[in-house]
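Since the structure comes first, as structure tokens, the remarks are kept for the end.
The values are calculated or read from the model by the stated rules, or taken from the named source; none is laboratory data. Everything numeric here is computed off the predicted structure, so don't read it as measured data. No Cβ is skipped: glycine too gets one built from the backbone with ideal geometry, and neighbour counts run over all protein chains shown. The protein model used for the area step is the full one, side chains on, heavy atoms only, and it has no ligands, DNA or RNA in it. Shrake-Rupley method; radii C 1.70, N 1.55, O 1.52, S 1.80 Å.
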Amino acid sequence: MNEVLLYAAIATLVCVMLYSVLGKSVGEGPEAAFDPQKSMTGDDDDKDERPGESDYGIPGLRAIMTADRDFTPTLFLDGAKGAYGLILEAFAEGNREQLKDLLTEDVYAVYDSAITARDEKNLTQVTDLARLKNAEIVDAEKSGSTATVSVAFTAELSSALVDADGQAVEGDPDMLAHVSEVWTFERKIKSKDPNWLLSDVAPSEGDALEADPTPDTKA
């Protein structure tokens, strides 16, 4: 029970972080008592400068920063790390409502299909993210009003499908594997919706997991 409560608390905290970090504050004037972006990046008087921020030598990232004056790579990356764990958890739990808020329609369709397939077999996904070893922005693009940012994640995790009796029928819940994936997030720059959505998951590199914790998608 304590473990369930802990997971619930973590999920709630990450949801708040995703809203304020991956997205941007909407509907608040300068009188707002707390601005998470200002508190984490320092003085916000000159957003063109954004002290301490770098475009990582990625031209597309600089284009996004120019078009969206609230966007900072550091905060985006922090939010992307939270999204990684949250999406893994939501898929494992078959939490479609949460996934709808985190995925584009095309990616949601892939995840929904995978959840349905395992439900029809009366199987449950068990995924344990032991450690997120690294996350870095590797690509970005501004195409019209759409911004996309790709993040390479390296993690240690286990994944398995278990039957109604709790027996693993695919994968091993006790065996960790090294997994590397590139997740791409997108957002309409002028949209009032502050959230970035997962729009693509590139195939894993490294040790293969029999029970895929995140279905790969095609751009």
What is the number of the single condition among (1) more than 18 Å from the chain's Cα centre (by Cα); (2) open to solvent by 30 Å² or more (accessible area, probe 1.4 Å) that T127 does not meet? (1)
Lone qualifier among G171, G144, G166 - being crowded, with 18+ Cβ neighbours inside 10 Å and at positive phi: G171
Determine if the range 44-58 includes at least one residue that is modelled with pLDDT of 90 or more and either closer than 22 Å to V138 by Cβ or in contact with a Pro (Cβ under 9 Å, 6 or more places away or on another chain) (or both). yes
Step by step: first the residues of the range 66-99, then only those that are more than 15 Å from the chain's Cα centre (by Cα) and under 15 Å from F185 (Cβ atoms), then the one that is surrounded by the fewest Cβ atoms within 10 Å (Cβ to Cβ). Which residue is that? D68
